[in-house]
Each structure stands twice: as C-alpha cells, then as structure tokens.
Protein chains: 2
Amino acid sequence: MLASIAHRVPPRGYGPWEQVASTLTEGLVARGHEVTLFATADSLTAAHLHAEAPAGYEEDATVDAKVSEGLHIAACFERAGQFDVISNQFDFLPLVFSRLVTTPVVTTVHGFSSERILPVYRAYDDVTHYVAISDADRHPDLTYAATIHHGIDVDAFSPGAGDGGYLLFLGRIHPDKGTATAIEVARRAGLPLVIAGVVHDEEYHRREVLPHVDGEHVRYVGPVGPDQRDRLLGGAVALLHLIDFDEPFGLSVVESMAAGTPVVAYRRGSMPELVTPGSTGFLVDDVPGAVTAVVAAAALDRGACRREARARFAADRMVADYERLFARVVAEQRGRPRRTAVANLAR
Amino acid sequence: MLASIAHRVPPRGYGPWEQVASTLTEGLVARGHEVTLFATADSLTAAHLHAEAPAGYEEDATVDAKVSEGLHIAACFERAGQFDVISNQFDFLPLVFSRLVTTPVVTTVHGFSSERILPVYRAYDDVTHYVAISDADRHPDLTYAATIHHGIDVDAFSPGAGDGGYLLFLGRIHPDKGTATAIEVARRAGLPLVIAGVVHDEEYHRREVLPHVDGEHVRYVGPVGPDQRDRLLGGAVALLHLIDFDEPFGLSVVESMAAGTPVVAYRRGSMPELVTPGSTGFLVDDVPGAVTAVVAAAALDRGACRREARARFAADRMVADYERLFARVVAEQRGRPRRTAVANLAR
C-alpha cells in the first residue's frame, strides 16, 4: 500500500488520500491479508509499516517534498518483488516507476488536479490498472479496471438528532467548495450556518466568507477533529455541499449521511452517485432550489439516511471491492507468460 | 545522456547543466561513441535524441514540470538495458530509479541547492557513481568516483584585446554572485562596470543594483547570447567574480579565461581550482584586495591566459575524463557477477 506522505496515515486533520489509504489498509489486514504500508514514520497501522520520511511534508518544514516523495516511492518499487500487487494511493508519480517492475500496480485516481497531469496517466494507461473513485471522474482517454466509491468507518459517526437548528458547511474554504453559496442559502433559508474546515484560498476567505461571520448567523469554527466533527454533523439540519466544480468524490458527503444528516448538493461531478434524492438528501441546481431542499431535508428520516450510508459507503464494502479487484489483477498476471521488467528485456 | 529539461540542449541563454550535457554529448559522439540524448524535443544534437517533453518547462507554461520530469527520466530508465552506462546530468531525481535497473549510473552532482536534498544522495551513495564538478564541492558524506571540471568550447570565444576599458560582471543577478560587490570594486578602481546576466533575485536587483545603473559608470545589458557575450568578454579588462557562496564551479570564469580576460575572484568554493593567481587572474578576500588585483590583472598576458584555459578547461579534456570514467565503470560492472535488478531479486 503506497500512501501519500503529505500527512500521517491516518491524517490528524485534513488528508482525504491518507484517510482512504488507512481505511483500505486496516480493512485488508482485518481480512487476513499481509500488507506493507509505505507511509510516514508517525503513521498508525496494524500492517507492516515501511517509512522513509519521519513525518508528512506538509507537517515538517525540514523535509524537502520532492526528495521525500522520491525516496518513499522508490522504497516501495525496490521491494516490488515481495508483493503480489501494489496499491498506489499516491497520485501520478509512482506511475513512472511501474514499467521497471513486474508486480502489477493498481492506481487509484483521486482526481485530476489539472489537465496538465493527464499526459502521464495516458502514458501508463497500458501498464497500470486505474481505479476511478466515481463514474463521473472517469476520463475518456483512460482505461479503468473498476470504479470503487470510497468507504468510511460508519460507526465512527454517532447517529445525530439534527436538533442544533443550523446548517453545516464542512470542507476546505475554497470557491470550488461553494462556501459563499452556502452562506447565501442559509441566509435565505433563515437558518444559521456553521462553517468548519481549513482555509485553502486565503483571498476568498477574506473577501467572501469572513465579512459574513458574525458568530450568530454565520459561525466559522476552523478545522475540526473527529469528535467536534461528529458533534457538528449530528446537530445539523442538513449539510450544504454546493460545489462549483466536478468533485470526483466527497468524503464529507458520506460522513454526513453516516451521522444521519441529509445532504443538499449541487448536481455536479460525483454528487448524483452519492446522494439519493429524497432519502439521503437532494440534488439541486441553484440557490432557490437549495433553499427549498433545505426545508424538505429537515423532514427526511435520519435513521434511513444512516442505514443507506452504511449499505453503500461502509469501509467493508470498499475493502471488499478492492479485494476482488486485486485478486482479479493478480490472477490475470499469473495467467500471462512471465513478464520481465522492461529494463532487462531490452538488452 | 540524461539531461535536465528546464531548457533546451544546448540552452539558448542561461542553462549551465544543459550546456554541460550538450558539450559532453557532442564530444562523445565526435569520439565515435553511440549516444542517446534524453532531452527536450527542440534540442540540437548529433546523438540520437529521445524526447518526451516538447520544450523546456522553464520555456513552456503549458507543461507541468513534475509530469514532464517523471516521463523524461522514466523513458531513460525503461530503456536502460540498451545502454552500457547512463550519464545523469539531471540532478537527484534519477537516483531513485537507479536500483531498478542493472545499467550503471554515473551522476554528476552540479551542486547542492540545499542541505535538504542530501538524504537522497546519501541513500544512493552505494549504487551510483558520483562525479564532483570541483574538489571543493565534494561532500564528506558521499563517495566520489572522480572530480571532473567542466570543459567548454574554447574556440567559441575570440581572443580579446581587453581594450574596452571596463570591468565585467557576467552571471545571475543574485547576492550569491556578488553583483553589488562588483559595483563597489569598479567604483573604487575608477573603471566602468558592465553587468550582463538574468535577474535571479528581483528584490536585490531593485535595491542593490539598479540605483547604481547610470549607463556610464555602471551599465546593465541584461541576459546576453553567445555573440554579445564574446564581444563583452573580449573588451573587458577583467571579469569580477566576487561570489558570496561556495560556488561549485563557475562556467563564466573559464569562459572569461578563454577570451583571454583575467578573473578577479573571491577565494571561495571552486575558485582556487579554477583561477591560477598571476596567470589567469587573482584570488582575493575583500574589496581592497579586489581593487588592487584589478590593476594587476590589466598587466597580465592575455594570450597566456587563453592558453591555460585551453589546456585545462577545453571540452576535449572534459570529454576524455568522462570517457575514462565511463570505461572504468563499465569494466567494473562486467567484472562483477551479473546483478539482477533489485525488483526481481527480492522475489
């Protein structure tokens, strides 16, 4: 399991890639697989831990990210012969190592940060097995082995009563995430809004968010840990997820459902795959639609919302999906004439 | 030959790493070796050119540097089996691929940009063969196969008369390069100063350089191409190289000598290895020392200066040094029991 090393695995706060790597690793170990997790030295796991970096490069200023990433990825590929399969949860850089080993590599595409990174995905399309994290995020130029929605530990979220009388924004403060739109919708719906998350766009935060924060109608509580997140989700009438980009997946969306809190989301990216209208929330297209949906969401059955979250987005389901894919990839590999790494073939 | 891809090979303007890769590649081809140059697609070479990137990432905003570098390096290592030796002129990133192939890798260390990149050099000390570009730049933690001073095409520089009556600063405008110190020395020596080079530190340029530029006592001519550089060097009484860091090598220093123009340099880094006091220039420790040296430099034999440049820093000498090292590395490799790439060994 090749994790991202921006943060510890699991992350202390923000870090969706590291969170998914952790959930998948622990799930595979629990099912009896032997797993080596390549991650930072301060990571917590029941798997074998191999660490090159003492800590995440976002958390340790003495570390050069490029050096740290290079050593980390190489450590995994230099040991490729020990593994039946490499699960790459790191992003694109490991791809360029994948032709140098014979072990199959399954690469989870956590999203395309920019069109400029597409060339490397295209170049390794014939070598690696891509996993999309939603059908919406599949790129027409790539071949995918599967779509696997993320799973979460549903039991880490308490069933909430939604009795706090407020709406919730949970995520990075960034135009993509629609923080300002959430403020507008809450105002029109006549409900207070609580905003939780790291500031990812300072200028936007200062210009579009802070002027509305009055501690009463709009509260900003900063980044939150698991306990506070659980309380905030449990008390919220609904989660506002009025995104301004085609989000490949939204962990906070399924976390909200796990707490029983319906989600009012813009119909973009993966949202139609995650939100079941009338059950776990509503899909809307504009601010008036969102205001109407907030009222309807308050009337939804929170127990049913949580049950659906467990059925569709539990960690177990994700782990089982990956387990099946890994087994298939390994079987395909064994069925082939023994491939030698290109570097040796060419001589 | 794995070149850096910040710029074309050879570079149009600034780009010392690409310049060295070019000189070495063309020299090896001229000596009858079969060379594949991995560089940008717009590169010019008599070798086989393999390009992944259309242009240098410093010259093409549509390119993601990380993607471009990854594809570029991987292309070389995926073909490693075709080569007797890989000459890595790229910096540290190729190191992390080097255990995955059996072809020996000779890595020229063009300087340590920061202590934070040392860990990766240490981690591959047992695998790669390091070349220092000066004895001064050898790091005590690393094992070196050789020190090889850069060489240049001496005939690309005309023998200059030094009759322009000015001193010359040639290099990046940056505190490390001592642009402001050169201004001070020229003023005290009573000679005009011509400054040529790219601005690498905007703030320094605005604060310490521009206020002195009056078009008469101090002229700033910007970055210069080969022709203008040749004219500027030829007319200069001396080159001022009053560096404020331990420069691993100074291409402009040997270029100046090739034009017959003596160099007044601070006694730091590689300077004592490059400048022969009383012959190709002077080594000094402070501003008064530099002022005195300027007067003495004007009296040096410019023909002798150029002859020494040719004897010590001609491209042929550098190419021969690398040729010997490559031959030794290849012979050592052949003498060993056939090593298999680690990835396959471990299984």
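Values as computed for the structure displayed
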| quantity | calculated |
| --- | --- |
| Lone qualifier among A:98, A:43 - being closer than 23 Å to residue B:71 by Cα and either polar (S, T, N, Q) or in contact (Cβ under 8 Å) with a residue 12 or more places away in the chain (or both) | A:98 |
| Residue list for segment A:199-220, filter: farther than 17 Å from residue A:184 by Cβ and loosely packed, with under 14 Cβ neighbours inside 10 Å | A:202, A:203, A:206, A:215 |
| Sole exception among (1) more than 7 Å from chain B (Cβ to nearest Cβ); (2) more than 20 Å from residue A:334 (Cβ to Cβ) for residue A:93, by number | (1) |
| Matching residues, segment B:258-276, being among the hydroxyl-bearing types (Ser, Thr, Tyr) and either in contact with a strand residue (DSSP E or B) (Cβ under 7 Å, 6 or more places away or on another chain) or not assigned by TED's automatic domain parsing to the domain that holds residue B:304 (or both) | B:261, B:266 |
| Hey, residue A:107 β-branched (Val, Ile, Thr), more than 7 Å from every other protein chain (Cβ to nearest Cβ) and open to solvent by 10 Å² or more (accessible area, probe 1.4 Å) or not | no |
| Selection within segment B:110-124 - open to solvent by 10 Å² or more (accessible area, probe 1.4 Å), more than 20 Å from the chain's Cα centre (by Cα) and more than 7 Å from chain A (Cβ to nearest Cβ) | B:122 |
| Filter result for the condition that a residue is of a type in the set (Asp, Glu) and more than 17 Å from the chain's Cα centre (by Cα), over B:155, B:137, B:176 | B:155 |
| Residue match in segment A:235-246 (condition: among the β-branched types (Val, Ile, Thr), within 21 Å of residue A:150 (Cα to Cα), open to solvent by less than 30 Å² (accessible area, probe 1.4 Å) and in the same structural domain as residue A:169 (by TED's automatic domain parsing)) | yes |
| Flag for residue B:186 being crowded, with 16+ Cβ neighbours inside 10 Å, over 21 Å from residue B:104 (Cβ atoms), in contact (Cβ under 8 Å) with a residue 12 or more places away in the chain and not assigned by TED's automatic domain parsing to the domain that holds residue B:244 | no |
| Residue pairs meeting the criteria (Cβ under 8 Å; at least 6 apart or on separate chains; first touching a residue at least 24 places away in the same chain (Cβ under 8 Å) and small (Gly, Ala, Ser), in segment B:314-329; second open to solvent by less than 20 Å² (accessible area, probe 1.4 Å) and assigned to a strand (DSSP E or B)) | B:314/B:152; B:315/B:152 |
| Some residue of segment B:332-341 being assigned to a helix (DSSP H, G or I), among the acidic types (Asp, Glu), open to solvent by 10 Å² or more (accessible area, probe 1.4 Å) and out of contact with any Leu (no Cβ under 7 Å at 6 or more places or on another chain) | yes |
| Options A:255, A:308; residue that is in contact with a strand residue (DSSP E or B) (Cβ under 7 Å, 6 or more places away or on another chain), within 20 Å of residue A:153 (Cβ to Cβ) and either within 14 Å of chain B (Cβ to nearest Cβ) or modelled with pLDDT of 95 or more (or both) | A:255 |
| Number of positions in segment A:71-96 that are within 23 Å of residue A:135 (Cβ to Cβ) and part of a strand (DSSP E or B) | 2 |
| For residue A:7: the one exception among (1) more than 21 Å from the chain's Cα centre (by Cα); (2) under 22 Å from residue A:319 (Cα atoms) | (1) |
| Subset of segment B:33-71 [crowded, with 20+ Cβ neighbours inside 10 Å, within 13 Å of another protein chain (Cβ to nearest Cβ), over 17 Å from residue B:82 (Cβ atoms) and touching a Leu at 6+ places or on another chain (Cβ under 8 Å)] | B:53, B:69, B:70 |
| Of the criteria (1) facing chain A (nearest Cβ under 7 Å); (2) assigned to a loop (DSSP other than H, G, I, E, B); (3) charged (D, E, K, R), which one residue B:99 fails | (2) |
| Residue in segment B:267-277 that is open to solvent by less than 40 Å² (accessible area, probe 1.4 Å), closer than 21 Å to residue B:192 by Cβ and in contact with a helix residue (DSSP H, G or I) (Cβ under 9 Å, 6 or more places away or on another chain) present | no |
| Residues satisfying the stated conditions in segment B:74-89, i.e. open to solvent by less than 10 Å² (accessible area, probe 1.4 Å) and either more than 7 Å from chain A (Cβ to nearest Cβ) or over 25 Å from residue B:334 (Cβ atoms) (or both) | B:74, B:75, B:76, B:86, B:87, B:88, B:89 |
| First in segment A:65-90 and on the phi > 0 side of the Ramachandran plot, second anywhere and open to solvent by 10 Å² or more (accessible area, probe 1.4 Å), Cβ under 6 Å, 6 or more apart | none |
| Members of segment A:26-39 that are in a loop (DSSP other than H, G, I, E, B) and out of contact with any strand residue (DSSP E or B) (no Cβ under 9 Å at 6 or more places or on another chain) | A:31, A:32, A:33 |
| Residue A:173 vs. criteria crowded, with 21+ Cβ neighbours inside 10 Å and in the same structural domain as residue A:318 (by TED's automatic domain parsing) | no |
| Candidate set from segment A:125-144 (those that are part of a strand (DSSP E or B) and over 18 Å from residue A:269 (Cα atoms)); member that is least open to solvent (accessible area, probe 1.4 Å) | A:130 |
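The values are calculated or read from the model by the stated rules, or taken from the named source; none is laboratory data. As the structure is a prediction and not an experimental result, all values here were calculated from the model. Positions of Cβ are generated from backbone atoms using ideal geometry, with glycine treated the same way; all protein chains shown enter the neighbour counts. Heads up: the accessible areas ignore ligands, DNA and RNA and are worked out on the full protein's heavy atoms, side chains in. Shrake-Rupley method; radii C 1.70, N 1.55, O 1.52, S 1.80 Å.
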